[in-house]
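Student: Can you read through this structure? Questions will come right after.
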Amino acid sequence: MKLRSLGCALLAAGLLGSGQPASATEATEAATETAAACTWKPTALGIGTSVSASVTATDDHGNFAGWALPIDPVGTTVRAAAWTDGTFTDLGTAGTTNASVTAENRSGAVAGTARTSVFGFVAERAFKSSSGTLVQLPFPTSSQYTRSAAVGITDSGDVIGVVRKQDGSGQTAVRWPAAQPGTVTLLTGAPSSGVGPVAVDTDGSIVLNSLDIWRDGTLTHLGTVPGLQFASPLAIKNGRVVGYGTYNGKKVGVFWDQQQAAHVLPKSSYNLSNGNPQFSINASGLITGRIDEANGGNDLAGTGYGVWNQGTFVAKFGDLKADLPVVIGDDGTAGGYRYDSATQHSAPYVWRCS
């Protein structure tokens, strides 16, 4: 059967097209029918001599980045990794330890964080790729900050993240501008009291854990619906946000449209305790995330994933017990991993809809 990405299907439905697009209802119905009929086919990615790895980011063109764990004589050190056209590359550690890619832009530049803890002391440092290598990102001109983390990278190469004190307090949102290497600036207009960025859109818009979207110094608050509590954003793409919350006592996924209106994702669930992937969204509004037990999910194990087209549930995702999608690219390709409980290792995978 000829492979066809869900992104292409949405193009055909008029969601991404131009000219004479279908009506919103027709487009949603067409996309729903296509997604429900397709099968998410897994492909394992190579990891060289590493024993464990996972995809955590995508360039939206079918290439991915994440982390890999090789075994060396002195122990184990997680290293940043990339998969370009399916080929694995060890990106290194930026002179640190335990480096993992957080985000990748459409040019293939990556940003991430290296973090380790020894006897209560936390070493945490943001990094980015530059001219084929990983470089550490600087702290603001203040001795109070000793930790930093990157949460996103724009298409222009600006890295967005946070800096904080050794004890984790004093968290402050910052930007490392690509046009001014070696510098860091505070986000003008962003709340300063413990508020930080969660994810970054391709145009530089930032969703904050305060349930605000920051755009060029202006904050726009995300909406809510009656019965929704403890809402938290996770990802932003093309002005749309996805996250999670509690709705009338039930753990659910939450989608915010381009007008910042909130929608509860039907048939959704989540489990934060086991560290399994949460919700991801692409530019056309495709969402991957956990489904509830009534529809085949397992809340205790944190398994069982589905696909939504914006606020509409359209399909179950792959093998409900094995497949753990982390990101969904604009081309309709998902990346993530499968976990082997016997070896306690992860194997990186991509999935395409056919």
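Student: Take H61 and S131, extend 7 Å from each Cα along the Cα→Cβ direction, and tell me the distance between the two endpoints in nm.
Tutor: For H61 paired with S131, the spin-label model returns 2.2 nm.
Student: Which one of G132, G95, G245 has the biggest mean-square fluctuation once the chain is modelled by GNM with Cα springs under 10 Å?
Tutor: Ranking G132, G95, G245 by mean-square fluctuation puts G132 first.
Student: Let me ask another. Determine the sum of side-chain charges near V122: Lys and Arg each +1, Asp and Glu each -1, restricted to other residues whose C-beta is under 11 angstrom from that of V122.
Tutor: +3
Student: Mind telling me which of G275, G112, G311 comes out most flexible in a GNM of the chain, alpha-carbon contacts under 10 Å?
Tutor: G275
Student: Next question. So how far, in whole Å, is the C-alpha centre of segment 140-168 from the one of segment 321-353?
Tutor: 28 Å
Student: Given the -39500 (n - 2.57) contribution per DSSP H run of 4+ residues, what per-residue ellipticity at 222 nm results for the chain, rounded to the nearest 500 deg cm²/dmol?
Tutor: -2000 deg cm²/dmol
Student: Another one. Of the heavy-atom accessible surface of segment 157-291 (probe 1.4 angstrom), what whole percent is carbon and sulfur?
Tutor: 51 percent
Student: Give me the aspartates and glutamates in straight-line cross-link reach of K250: C-alpha distance below 20 Å, same-chain residues under 8 apart excluded.
Tutor: D292, E293, D299
Student: Further question: Can you tell me which of F313, F139, F119 moves the most in a GNM of the chain? Springs connect C-alpha atoms under 10 Å apart.
Tutor: Among F313, F139, F119, the largest mean-square fluctuation in the Gaussian network model of the chain belongs to F119.
Student: For the pair Q344/D203, report the inter-label distance in nm, with labels modelled 7 Å from Cα in the Cβ direction.
Tutor: Simple spin-label model gives 4.6 nm for this pair.
Student: Order the following by accessible area, largest value first: D340, D201. Probe radius 1.4 Å; ligands, DNA and RNA are ignored.
Tutor: Highest to lowest solvent-accessible surface, that is D340, D201.
Student: Note down the net charge around V264, summing +1 for each Lys or Arg and -1 for each Asp or Glu among other residues with Cβ under 12 Å from its Cβ.
Tutor: So the surrounding residues net to +2.
Student: Would you calculate the separation in nanometres between label points at A178 and T220, each defined as 7 Å from the Cα along the Cα-to-beta-carbon direction?
Tutor: 2.3 nm
Student: A further question on this structure: Skip the ligands, DNA and RNA, and give the accessible area per residue of the chain with a 1.4 Å probe, whole Å².
Tutor: Heavy-atom SASA per residue in the chain reads 43 Å².
Student: Mind ranking H345, H61 by accessible surface for me, highest first, 1.4 Å probe?
Tutor: H61, H345
Student: Dividing the Cα radius of gyration by the Kirkwood radius, what Rg/Rh value follows for segment 54-166?
Tutor: Over the Cα atoms of segment 54-166, Rg/Rh equals 0.98.
Student: So if the hydrodynamic radius of the chain is defined as the Kirkwood radius over C-alpha pairs, what does Stokes-Einstein give as its diffusion coefficient at 25 °C and 0.890 mPa s, in µm² per second?
Tutor: 119 µm²/s
Student: Here is a follow-up. Give the cross-link partners of K128 among the lysines, using a straight C-alpha distance below 25 Å as the criterion and excluding same-chain residues fewer than 8 apart.
Tutor: Those lysines meeting the cut-off are K165, K237.
The values are calculated or read from the model by the stated rules, or taken from the named source; none is laboratory data. What you see is a predicted model; the values in this text were computed from it and never measured. No Cβ is skipped: glycine too gets one built from the backbone with ideal geometry, and neighbour counts run over all protein chains shown. With ligands, DNA and RNA removed, areas are computed over all heavy atoms of the protein, side chains included. Shrake-Rupley method; radii C 1.70, N 1.55, O 1.52, S 1.80 Å.
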